[in-house]
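K.L.:
Have a look at the structure that comes next, please.
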Number of protein chains: 2
Amino acid sequence: MSVLVVGSIALDSIRTPWAQRSKLLGGSASYASVAASLFAPVKLVGVVGTDFPARFINLFKRRGIDLSGLSVAPGKTFAWEGEYEENMNRRHTLRTELGVFEGFSPVLSENHRTCRVCLLANISPSLQLQVLEQVESPPVVIADTMDLWINTARKELLRLLKRVHVFILNDSEIQQLTETHNLIAAVKRLHRLGPRFVIVKKGEHGALLSGPNGIFVAPAYPLAKVLDPTGAGDTFAGAVAGYLSQISRLNQGELRKAILYGTAVASFCCEGFGLSKLVRVTPQKIERRVIELQQIMWV
Amino acid sequence: MSVLVVGSIALDSIRTPWAQRSKLLGGSASYASVAASLFAPVKLVGVVGTDFPARFINLFKRRGIDLSGLSVAPGKTFAWEGEYEENMNRRHTLRTELGVFEGFSPVLSENHRTCRVCLLANISPSLQLQVLEQVESPPVVIADTMDLWINTARKELLRLLKRVHVFILNDSEIQQLTETHNLIAAVKRLHRLGPRFVIVKKGEHGALLSGPNGIFVAPAYPLAKVLDPTGAGDTFAGAVAGYLSQISRLNQGELRKAILYGTAVASFCCEGFGLSKLVRVTPQKIERRVIELQQIMWV
């Protein structure tokens, strides 16, 4: 029941209207693997530079994350710098330095070729494909993406989509990918490109699931203060992957529950800078928020 | 169990990326009273000019709407012209002519002073107050508003808020009124201004209810094509008012159901220009969409 996670591992610098932090542990795979580790054993595939702080290695280890697939390459760790507007919904990327990711070409060990869930967290579709091709037909393949790849690697992304069971993206990304404004129409188009299940992340408006049995909509967990939403989407994907690794059959009912768990875990992510709040979350706290979410939806 | 509706009655000209219609029946009270009439007897309070087409009078009459509170004044009916952007979420007002509304000062007849639900549909807060002051302590007072009044009549609006049980507004309006970006924080602030229950309309993202028993979130009914969203918010408010006129006690459970009915009825509004689809809706069709909405939320 393990989760294999591939994605970026980064050093993030984040500015919000109220605060500023630099060299935080960031990247899609960092958030996703920590979130997934709340539910299942995680194997992390990625690369960092020689500047990567040992305390972050220890953070992963404390979560029991298998780091045998983590390469340390000569050079600098992927670095990202971003700034949030006052409403915390709009974000501007100020700087991106690929560093060691530029030459990254993952080769999976024997131990990494089998898993229950393969989570291709946000990273270039060609890297996602390269990892997926090395895994022995995983029961559940989940992929996330971002606007950059829709713009620059559409061909590879379309190739990936044919092999993904659950595709996760946000509302502006699905509009961009399908060239469709209406979300319901966009989701229908996306199914035709491959994925049986599509999850649209809508930030403060929650998430929408579409599959053969129709549509499911979950609200976001109501937070009166969002400290730093960086990584919330990756955290959501990681928790969904972790939850799904525990179930025997991928179906809409289980995906609905997975989304509630993803939503609950992502809400903790937003309450601290970087991973600071996420690493202190307990199963009891998650369960409490899942119950609250059910009460919010109950009619 | 009647609903008293006051608001605007207008002649609308609407442009969408695909079509154009002029001199449609519009205005908050038109949409709201037709929607409320699907659930309960409605008394309409408003004013039209001598140019108001008889076919629209007949439309109200066919719905059984009591028009004894509808004044016909010398001059032109309130006229509005608007245009939608391609995503159908952004709307620009091209023209507003108040016409007979400029001198409107409603005086309620004896018959109109009692009702189960008083719906103060979107119109200037001073007119809403003027009507409310003439009604004999109605068990449920619902009010809607818009950005214009938040900007130009804040003092009157704040006075109104102290006397409203259910206040309805959209997400950008609540941010504007409370000067708060975060929706959850904004709702908390709004409660302090008076209303026990607040409903935030979020368009394609559904609606949020906040009250003493916490938060409820309902999705929008999933439409793959929105033809004309004009009046959807007024329709929602009208259906909520109509539903609430049937129940004996205003509480969060009934409001949750009312929101599902409001959402279902508003979805029909979006599927036709003006009131064209709304006037053909049947109770069976509404029930079907309410059940679908419950399935979309079920977990």
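The values are calculated or read from the model by the stated rules, or taken from the named source; none is laboratory data. What you are looking at is a predicted structure, and each value in this text was computed from that prediction instead of being measured. Don't worry about glycine lacking a Cβ; one is built from the backbone with ideal geometry, like all the others, and counts go over all protein chains shown. Protein only, heavy atoms only, side chains kept; ligands, DNA and RNA dropped before computing areas. Shrake-Rupley method; radii C 1.70, N 1.55, O 1.52, S 1.80 Å.
K.L.:
Take the residues in the stretch B:196-230 that are among the charged types (D, E, K, R) and either within 7 Å of another protein chain (Cβ to nearest Cβ) or free of Cβ contacts under 8 Å to residues at least 60 places away in the same chain (or both); name whichever of them is surrounded by the most Cβ atoms within 10 Å (Cβ to Cβ).
P.N.:
Pass one, the stretch B:196-230, residues among the charged types (D, E, K, R): B:196, B:201-202, B:204, B:225, B:228.
Retained after the next criterion (residues that are either within 7 Å of another protein chain (Cβ to nearest Cβ) or free of Cβ contacts under 8 Å to residues at least 60 places away in the same chain (or both)): B:196, B:201-202, B:204, B:225.
Numbers: B:R196: 15, B:K201: 24, B:K202: 20, B:E204: 22, B:K225: 11.
Within the stretch B:196-230, the match that is surrounded by the most Cβ atoms within 10 Å (Cβ to Cβ) is B:K201.
K.L.:
Please work out which residue is nearest to A:G206 (Cα to Cα), limiting yourself to the stretch A:62-103 and to residues that are of a type in the set (V, I, T) and within 20 Å of the chain's Cα centre (by Cα).
P.N.:
Ranking the candidates gives A:T93 first.
K.L.:
Something else: Go through the stretch B:3-26 and count every residue that is outside any strand (DSSP E or B) and either open to solvent by 20 Å² or more (accessible area, probe 1.4 Å) or of a type in the set (K, R) (or both). Steps first, please.
P.N.:
Start the filter on the stretch B:3-26 by keeping residues that are outside any strand (DSSP E or B), which leaves B:7-9, B:16-19.
If we keep only those that are either open to solvent by 20 Å² or more (accessible area, probe 1.4 Å) or of a type in the set (K, R) (or both) as well, we get B:17-19.
Total satisfying the criteria: 3.
K.L.:
Does A:V166 satisfy the criteria of being touching a residue at least 60 places away in the same chain (Cβ under 8 Å) and either farther than 25 Å from B:E86 by Cα or of a type in the set (V, I, T) (or both)?
P.N.:
Details: touching a residue at least 60 places away in the same chain (Cβ under 8 Å): yes; either farther than 25 Å from B:E86 by Cα or of a type in the set (V, I, T) (or both): yes.
Here the answer is yes, as A:V166 does meet what is asked.
K.L.:
Whether any residue in the stretch B:244-251 is closer than 29 Å to B:G64 by Cα, more than 12 Å from every other protein chain (Cβ to nearest Cβ) and in contact with a Leu (Cβ under 7 Å, 6 or more places away or on another chain) is what I want to check.
P.N.:
Yes, the stretch B:244-251 has at least one match.
K.L.:
Since A:T230 meets every condition but one in (1) in contact with a Gly (Cβ under 7 Å, 6 or more places away or on another chain); (2) under 20 Å from A:L293 (Cβ atoms), which condition does it not meet?
P.N.:
Here A:T230 clears every test but (2).
K.L.:
Quick test of your reading of the structure: A:E271 fulfils all but one of (1) within 14 Å of chain B (Cβ to nearest Cβ); (2) touching a residue at least 60 places away in the same chain (Cβ under 8 Å). Name the failing condition by number.
P.N.:
Unmet for A:E271, out of (1) within 14 Å of chain B (Cβ to nearest Cβ); (2) touching a residue at least 60 places away in the same chain (Cβ under 8 Å): (2).
K.L.:
Considering every residue within the stretch B:66-88, establish whether at least one is basic (K, R), farther than 18 Å from B:A121 by Cα, without any contact (Cβ under 8 Å) to a residue 60 or more places away in the chain and touching a helix residue (DSSP H, G or I) at 6+ places or on another chain (Cβ under 9 Å).
P.N.:
Here is the first cut: in the stretch B:66-88, the residues basic (K, R) are B:76.
Keeping just the survivors that are farther than 18 Å from B:A121 by Cα gives B:76.
Okay, now just the ones that are also without any contact (Cβ under 8 Å) to a residue 60 or more places away in the chain, so B:76.
Subsequent filtering for residues that are touching a helix residue (DSSP H, G or I) at 6+ places or on another chain (Cβ under 9 Å) retains B:76.
Checking the stretch B:66-88: at least one residue is basic (K, R), farther than 18 Å from B:A121 by Cα, without any contact (Cβ under 8 Å) to a residue 60 or more places away in the chain and touching a helix residue (DSSP H, G or I) at 6+ places or on another chain (Cβ under 9 Å).
K.L.:
I'd like the full set of residues that are over 18 Å from the mean Cα position of the chain (by Cα) and basic (K, R), limited to the stretch A:172-216.
P.N.:
Those that are over 18 Å from the mean Cα position of the chain (by Cα) and basic (K, R): A:K188, A:R189, A:R192, A:R196.
K.L.:
Looking at the structure I just gave you, is B:F52 open to solvent by less than 40 Å² (accessible area, probe 1.4 Å), over 20 Å from the mean Cα position of the chain (by Cα), more than 30 Å from A:H181 (Cα to Cα) and not aliphatic (A, V, I, L, M)?
P.N.:
yes
K.L.:
Search the stretch A:37-54 for residues being touching a residue at least 24 places away in the same chain (Cβ under 8 Å) and small (G, A, S), and hand back the single one that is farthest from A:E110 (Cα to Cα).
P.N.:
A:G49
K.L.:
Kindly indicate the residue of the stretch B:138-163 that is acidic (D, E) and without any contact (Cβ under 8 Å) to a residue 60 or more places away in the chain and also farthest from B:I199 (Cα to Cα) among those meeting that condition.
P.N.:
The extreme case among them is B:E156.
K.L.:
Across the stretch B:231-255, what is the number of residues that are over 19 Å from B:A10 (Cα atoms), open to solvent by 20 Å² or more (accessible area, probe 1.4 Å), assigned to a helix (DSSP H, G or I) and small (G, A, S)?
P.N.:
1
K.L.:
Of these, B:L108, B:L70, which one is in a strand (DSSP E or B), surrounded by 16 or more Cβ atoms within 10 Å (Cβ to Cβ) and of a type outside the set (F, W, Y)? Don't jump to the end; show me each part of the working.
P.N.:
Values: B:L108 fails: in a strand (DSSP E or B).
Among B:L108, B:L70, only B:L70 is in a strand (DSSP E or B), surrounded by 16 or more Cβ atoms within 10 Å (Cβ to Cβ) and of a type outside the set (F, W, Y).
K.L.:
From the list A:K162, A:K188, pick out the single residue that is more than 20 Å from A:A239 (Cβ to Cβ), surrounded by fewer than 20 Cβ atoms within 10 Å (Cβ to Cβ) and either within 14 Å of chain B (Cβ to nearest Cβ) or β-branched (V, I, T) (or both). Steps first, answer last, please.
P.N.:
Numbers: A:K162 fails: either within 14 Å of chain B (Cβ to nearest Cβ) or β-branched (V, I, T) (or both).
Criteria check complete, one pass: A:K188.
K.L.:
When A:R154 is evaluated against the numbered criteria (1) in contact with a helix residue (DSSP H, G or I) (Cβ under 7 Å, 6 or more places away or on another chain); (2) loosely packed, with under 15 Cβ neighbours inside 10 Å, which criterion, by number, is the only one it fails?
P.N.:
The single condition A:R154 does not satisfy is (1).
K.L.:
Additional query: Please specify each residue of the stretch A:256-299 satisfying the condition of being in a loop (DSSP other than H, G, I, E, B) and not polar (S, T, N, Q). Let's see the steps before the verdict.
P.N.:
Step one: list which residues in the stretch A:256-299 are in a loop (DSSP other than H, G, I, E, B), which gives A:271-277, A:281-282, A:298-299.
Residues satisfying the conditions are A:E271, A:G272, A:F273, A:G274, A:L275, A:K277, A:V281, A:W298, A:V299.
K.L.:
If you don't mind, there's one more thing I want to ask. Looking at the stretch B:27-44, is at least one residue out of contact with any helix residue (DSSP H, G or I) (no Cβ under 6 Å at 6 or more places or on another chain), at pLDDT 95 or above, on the phi < 0 side of the Ramachandran plot and part of a strand (DSSP E or B)?
P.N.:
No: the stretch B:27-44 contains no residue that is out of contact with any helix residue (DSSP H, G or I) (no Cβ under 6 Å at 6 or more places or on another chain), at pLDDT 95 or above, on the phi < 0 side of the Ramachandran plot and part of a strand (DSSP E or B).
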